[in-house]
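**Student:** Quick one: the structure is below, questions incoming.
Bear in mind that the values in this text are calculations on the coordinates, not laboratory data. Being a predicted model, the structure only gives us computed values, none of them experimental. Here the Cβ positions follow ideal geometry from the backbone for every residue, glycine too, while neighbour counts run over all protein chains shown.
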Amino acid sequence: MHGLYFFVCCCKLARMDNQPVATEPIRKPAAQIWPWVVVFLVLIFVGFIRFRLLDIPLERDEGEYAYAGQLILQGIPPYELAYNMKLPGTYYAYAAGMAVFGQTIRGIHLTLIVANSLTIVFMFLLGRKLCGTIGGLAACASYGVMSMSPLIYGLAAHANHFVVLFAVPATIVLLAAQEKKSNHFLFVSGLLYGLAFVMKQQGLFFVFFGGLFLIWDGVKNRNILTKTFLMRGLAFAGGVFLPFAMVCLTCLVAGDFFRFWFWTFTYARWYATSLPLLEGVELLVGHVQQTFYFSCGFWALAAIGLILAAFNKRLRRPAIFLVVFWLFSFGATSTGYYFRNHYFILLLPAFAIMVGMGVAALQEAWRSPKFQDVFRSLPVILFGLILAWAVTYQSQYFFELSAAQAGQSIYDPNPFTTAQVAGDWLRDNTAPDAKVAVMGSEPEIYFYARRHSATGYIYTYALMEPQPNALKMQHEMIGEIEANRPEYLVFVASGLSWLVNLHSSHMIMNWAGEYAAHNYDRIGVVRKVNGKIVSVWGDDAKSADGKGDCLLIYRRKPGAN
């Protein structure tokens, strides 16, 4: 029934005129308003679903951003108390969102609603510019539905949402700069691409796309070796470089520049080149198989659009632009060949506009007088059916499951719900200045607890990887914990929080067991039993079963070393 809503709306749109933007006449006020009414309806629909699921527990990436953002709001710069390989733009985006909406799960997901809603609007503007009003509306509706799909973890506030938040308007301004021959617009476009990059390193691919477009424009206008082109290039490059320069300056002033550089470039470079290509191909094939039934209709429309655009003089150049944009977006998605589900958010803008191109190209093909109006309406009706199917396919998540049930269904057997219980207990039962050490990769515990970590190693993944610094990192984490003597220790007994492999050193895990036994009392055990959270606290926790997947919470013994 919910998918039928989209189908009915699209049938109404099918009766409305559509031409590529290059040939659209000056419209009457009513004709200018109705597309924005449709965009508003898309925002309401997507916002309703996201708002209904605001309370989905944070997954670990969200926990990292939330904890780092929380520290920023306390005046503590990135990389001082939390080490990770991502650039800090998303940390600041979280901090800004939490400053407005609060340091809660709801506050974080409200921030995502704002970011996603802005991106949907930008998608309409970019789609309209490339393939007309109907194409732009199809692009924004496609993006809205696909970007919240659980198949790409779209309900979580991943950094990729913030990358495209800046990359899409950067591309709009880039096209405007070409039309207006404006260096000011090029600077703004570069600035937005630069912000996309500092949100996460994969945003660099969009910077490369913008640079290639600038070179292509110079070649086309035969001014590639002129002062004019040099000034345009400097304006664009200056905008790109400014956000990163500010990040470097901030870390330099804070005294954490070398740590920032090690994690975001030295270690990140190793991480991005460690997975063999064949394993990456297997992961990509697995993702395609997982999402095939959801996305096959969109892919068919996109393919039809590109084929028809090749024979349409007005759509041919936008189609070439889109193909190149898609290729660079795929490059961002395939960084390191990991093809994690949420990486595909980076591909959605180009893909959604290709879908819009399909609708526009089909309408153009049937614009001949020999076709009746009903035939010219078929592309929009077809799109409505595809969109309705995509909504129906995920209707259980969108309309039926509660936030807790949806989170459990999407993320199990990860310990995200048990982490929330442990973090909440620590917040309510410990002193505000108490330090905590989490042995595992669950930084969301620090955020829930609102307590500082006794170590900057908020993930233990890097310590288990077959990389040259793994054992050194284990010794550093142990040294930081022993030096800071945390009042509380949380051991995450979950394989997914460690990812131990055949090459991993178990030194830190063995140390943790001995260190806890000598210096701490077990005061809590949190586990999931038959889908329900079961927790034991106080003296009862000492004799409770601590084996299997669970979280073990320890309190430092009086007088312990």
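**Student:** Give the order of 376, 314, 222 when sorted by the count of other beta carbons within 10 angstrom, beginning with the fewest.
**Tutor:** 222, 314, 376
**Student:** Report the charge-dipole magnitude of the range 412-556 in Debye, nearest 20, computed about the Cα centre from +1 at each Lys and Arg Cβ and -1 at each Asp and Glu Cβ.
**Tutor:** Around 120 debye, computed over the range 412-556.
**Student:** Got a sec to turn the phi values of the range 529-536 into Karplus ³J(HN,Hα) couplings, 6.51 cos²θ - 1.76 cosθ + 1.60 with θ = phi - 60°, whole Hz, x for Gly and Pro?
**Tutor:** Karplus-based 3J(HN,Hα) across the range 529-536 equals 10, 6, x, 10, 7, 10, 10, 10 Hz.
**Student:** At q = 0.14, 0.15, 0.17 Å⁻¹, work out log10 I(q)/I(0) for the range 412-556 with the Debye formula, treating every Cα as an identical point scatterer and leaving solvent out; two decimals please.
**Tutor:** -0.61, -0.70, -0.92
**Student:** Using only Cα atoms, find the angle between the long axis of helix 373-393 and the longest principal axis of the chain, and express it within 0 to 90 degrees, rounded to the nearest 10.
**Tutor:** Taking Cα atoms only, the helix is inclined about 10 degrees.
**Student:** What is the helix-to-structure angle for 416-429, meaning the angle in degrees between its Cα long axis and the longest Cα principal axis of the chain, kept from 0 to 90 and rounded to the nearest 10?
**Tutor:** The angle comes out at about 50 degrees.
**Student:** Extending each Cα 7 Å along its Cβ direction at residue 533 and residue 514, get the distance between those two points in nm, one decimal.
**Tutor:** 3.5 nm
**Student:** Turning to a different aspect of this structure: Output ³J(HN,Hα) for the range 492-505: one whole-Hz value per residue in order, computed from phi by the Karplus curve 6.51 cos²θ - 1.76 cosθ + 1.60 with θ = phi - 60°, and x for Gly and Pro.
**Tutor:** Values per residue, Gly and Pro as x: 8, 8, 8, x, 6, 9, 10, 6, 5, 10, 4, 9, 6, 8 Hz.
**Student:** Around residue 64, with a cut-off of 13 angstrom between Cβ atoms, what is the net charge of the other residues, counting Lys and Arg +1 and Asp and Glu -1?
**Tutor:** Taking every Cβ under 13 Å from that of residue 64, the sum is -2.
**Student:** Then there's this: Extending each Cα 7 Å along its Cβ direction at residue 223 and residue 433, get the distance between those two points in nm, one decimal.
**Tutor:** 6.3 nm
**Student:** Here is a further query. Please state the charge dipole magnitude for the range 2-400, taken about the Cα centre, from unit charges on C-beta atoms (+1 on K and R, -1 on D and E), reported in debye and rounded to the nearest 20.
**Tutor:** 1480 debye
**Student:** For Kirkwood radius over Cα pairs in Å, the listed values are (i) 26.5; (ii) 24.3; (iii) 25.2; which was obtained by calculation from the structure presented?
**Tutor:** Only one option fits the structure, namely (iii).
**Student:** I would also like to ask the following. Sequence-distant or interchain residues sharing an amide H contact under 5 Å with residue 520, placed H: which?
**Tutor:** Residues meeting the amide H criterion: 557.
**Student:** Related question: Taking only the alpha-carbon atoms of the range 242-393, what semi-axes of the equivalent ellipsoid follow from 5 times the gyration tensor eigenvalues under a square root, in whole Å, largest first?
**Tutor:** Gyration-tensor ellipsoid for the range 242-393: 41, 19, 14 Å.
**Student:** A further question follows. For the chain, find the longest principal axis of its Cα atoms and tell me its angle to the long axis of helix 277-309, 0 to 90°, nearest 10.
**Tutor:** Compared with the principal axis, the helix lies near 20 degrees.
**Student:** By a straight-distance test (C-alpha under 25 Å), which lysines pair with residue 181 as possible cross-link partners, with residues fewer than eight away in the same chain excluded?
**Tutor:** Correct list for residue 181: 129, 220, 227, 313.
**Student:** What whole-number volume per residue, in cubic angstrom, does the convex hull of the C-alpha atoms of the range 243-293 give?
**Tutor:** Value for the range 243-293: 106 Å³ per residue.
**Student:** Using a 10 angstrom Cβ neighbour count of at most 15 plus a DSSP loop assignment to flag exposed chymotrypsin sites (Phe, Trp or Tyr not before Pro), which longest range of the chain is free of such sites?
**Tutor:** Value returned for the longest uninterrupted segment is 1-310.
**Student:** Counting each DSSP H run of 4 or more residues in the chain as -39500 (n - 2.57), what helix-only mean residue ellipticity at 222 nm follows after dividing by all residues, to the nearest 500 deg cm²/dmol?
**Tutor:** It lands at -21000 deg cm²/dmol.
**Student:** Oh, and also: In 10 Å bins starting at zero, report the fraction of Cα pairs in the range 453-535 per bin as a rounded %.
**Tutor:** 15, 46, 30, 8, 0
**Student:** Just to check I understand the Karplus step: with θ = phi - 60° and J = 6.51 cos²θ - 1.76 cosθ + 1.60, what whole-Hz values come out for the range 235-249, glycine and proline as x?
**Tutor:** My calculation for the range 235-249 gives 4, 5, 5, x, x, 4, 6, 4, x, 5, 4, 5, 4, 4, 5 Hz in order.
**Student:** Only Cα pairs under 8 Å and at least 6 apart count here; give the relative contact order of the chain as a rounded whole percent.
**Tutor:** Taking the mean separation of contacting Cα pairs over the length of the chain, I get 18 percent.
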